[in-house]
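Presented below is the structure to which this report refers.
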Amino acid sequence: MGYGNIGTVKPIQRISLVDTIVDRLQSEISSGNWPVGTRIPAESELTKVLGVSRPSLREAVRSIVQLGLLEIRQGDGTYVVASDASEVALRRMLSEADTREVLSVRRALDGLAARDAALNRTDAEVAALEGHLKKRREAVTREDLEAFVDHDVAFHIGIATASHNRLLAGIYASFDTSLRLSVGPNSCMSDNTDEVLDELHSRLMLAIKERDPEGAAAAALGLLDRSEAMPDTPRD
């Protein structure tokens, strides 16, 4: 009787104690036991519960800090600042990307989000989107840039959420920073173009409300076309 090919047998990977601690701590974060914004248990408590040494725990915590999930605040403790390492990595990539690259990716995502939102949105989601659009207009009238940015970004992320595609909504949420930059100090509030952009936003809102996927996608792309046509920082 012959033997099988030993070349197909892979060696068993040994997992270090630090890697095991990292996995355990990440599990606490991803499961929601340690929500974003909360301080994790003290070092002394964790070493006792996990049955590990302080040096091993500290090395594991440093690894998770590098992933962007934890933040060490001197004299205060260690806090959870994110729950998904992949989303953190994507945010970092977006922060370093050229604005034209971001617009190119958003062209694919915005059309899909708008189309799916028109098909899947709930009445409550429509009401929330209309509320953000109304507050966006009120912010323009008051010349309140901070409120304008908040509601403009919430409107666009809300569309992705209304698509009911969790993966799409998660990816789109990573655009939060780039969206805020796109409607920053050089926004339509300062160059008197909001009347045009408001009409485009209204067209997008109406298409989603009337469950018109093609109209919604066209309106979303129209907003990006307008953004690309503007000088310097792209805006919506």
Scope the range 157-167; condition in contact with a helix residue (DSSP H, G or I) (Cβ under 6 Å, 6 or more places away or on another chain) and of a type outside the set (V, I, T); matching residues | G158, A160, A162, S163, H164, N165
Restricting attention to the range 49-73, and to residues there that are part of a loop (DSSP other than H, G, I, E, B) and out of contact with any Ser or Thr (no Cβ under 9 Å at 6 or more places or on another chain), which single residue is farthest from Y172 (Cα to Cα)?
-> G51
State whether one or more residues within the range 74-82 are touching a Ser or Thr at 6+ places or on another chain (Cβ under 9 Å) and assigned to a strand (DSSP E or B).
-> yes
Output the residues belonging to the range 1-41 that are of a type in the set (K, R) and modelled with pLDDT under 90.
-> K10, R14
Pairing a residue in the range 58-79 that is under 16 Å from T20 (Cα atoms) with any residue that is part of a loop (DSSP other than H, G, I, E, B) and among the small types (G, A, S), where Cβ atoms lie under 9 Å and the two sit 6 or more apart in sequence or on different chains, gives L67/A82
Residue among S44, S27 that is part of a helix (DSSP H, G or I) and more than 18 Å from G77 (Cα to Cα) | S27
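Here is a list: E101, E138, E71. Which entry is surrounded by fewer than 20 Cβ atoms within 10 Å (Cβ to Cβ), out of contact with any Pro (no Cβ under 7 Å at 6 or more places or on another chain), assigned by TED's automatic domain parsing to the domain that holds V36 and among the acidic types (D, E)?
Details: E101 fails: assigned by TED's automatic domain parsing to the domain that holds V36; E138 fails: assigned by TED's automatic domain parsing to the domain that holds V36.
Just a single option satisfies the conditions, and that option is E71.
Out of all the residues in the range 103-117, is one or more more than 30 Å from E214 (Cβ to Cβ) and assigned to a helix (DSSP H, G or I)?
Filtering the range 103-117 down to residues more than 30 Å from E214 (Cβ to Cβ) leaves none.
No, that holds for no residue.
The values are calculated or read from the model by the stated rules, or taken from the named source; none is laboratory data. Note that the coordinates shown come from a computational prediction; the quantities given were computed from them, not determined experimentally. Backbone-built Cβ (ideal geometry, glycine too); neighbour counts: all protein chains shown.
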